[in-house]
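A short write-up of the structure that comes next.
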Amino acid sequence: MSPKRQDRAAPPPGPDEWDIRFAGGEAAKGWEQLGAQAVRNTRAAWHLMRTDPAPAARTERHHRLKGELARGEAMDRRQIEVTAGGRVWYLLDVTVWIDRASTGHTCIFDHYRLGGRATVRVHTGIGDDMRRDVYQDRRAYVWDNRFDTATLRYDHGPQAGSCFR
């Protein structure tokens, strides 16, 4: 895609720096949303991808994805945790390819309806959904062990409430 009028100009990579590109339009859109939400952290993530996209030592917020999360990609797939819920996923070859950027995790249970004053426990693991317990059927953690927020919305969109720990 060629640059258009009013597009942001990114500097070319310098010596010992990586070129960063979007793998698709959704990744670019997610990156913009993430940048609007957390300017400083998004800038720090960009700097990490530019200078050290494959660090030798794994950190809590920057690591290589494995197994199902790597989605069988031929390229090395990595993640940077930008905020408690915001993430950047990217692939490495001779370029850093941002294939997904998101301001938060969304959990949708199409078949589940929560009644007034009712409670439900949301599990990230694998299991059979019950009246008070629903499962995301994931093999990897979704919730941050230090801080995360769950938001409940009405069918038509407005927020009904939220909780955090």
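Scan (1) touching a helix residue (DSSP H, G or I) at 6+ places or on another chain (Cβ under 6 Å); (2) at pLDDT 75 or above; (3) in a loop (DSSP other than H, G, I, E, B) for the single condition residue 139 breaks and write down its number.
Of the numbered conditions (1) touching a helix residue (DSSP H, G or I) at 6+ places or on another chain (Cβ under 6 Å); (2) at pLDDT 75 or above; (3) in a loop (DSSP other than H, G, I, E, B), the odd one out for residue 139 is (2).
Of the conditions (1) loosely packed, with under 13 Cβ neighbours inside 10 Å; (2) touching a Ser or Thr at 6+ places or on another chain (Cβ under 7 Å), residue 15 clears all except one; give me its number.
Residue 15 satisfies all of (1) loosely packed, with under 13 Cβ neighbours inside 10 Å; (2) touching a Ser or Thr at 6+ places or on another chain (Cβ under 7 Å) except (2).
Name the residues in segment 34-72 that are at pLDDT below 90 and open to solvent by 70 Å² or more (accessible area, probe 1.4 Å), would you?
Within segment 34-72, 36, 37, 56, 58, 60, 61, 64, 66, 68, 69, 71, 72 meet the criteria.
How many residues does segment 82-98 contain that are without any contact (Cβ under 8 Å) to a residue 24 or more places away in the chain and either under 10 Å from the mean Cα position of the chain (by Cα) or buried (at least 17 other Cβ atoms within 10 Å of the Cβ) (or both)?
Residues that pass the stated criteria total 1.
Looking at 84, 160, which one is in a strand (DSSP E or B), at pLDDT below 85 and touching a strand residue (DSSP E or B) at 6+ places or on another chain (Cβ under 9 Å)?
Going through 84, 160 in turn, the sole match is 160.
The values are calculated or read from the model by the stated rules, or taken from the named source; none is laboratory data. Since the structure is predicted, the reported quantities are computational estimates derived from the model, not experimental observations. No Cβ is skipped: glycine too gets one built from the backbone with ideal geometry, and neighbour counts run over all protein chains shown. Quick note on the areas: whole protein, heavy atoms, side chains included, nothing else; ligands and nucleic acids left out. Shrake-Rupley method; radii C 1.70, N 1.55, O 1.52, S 1.80 Å.
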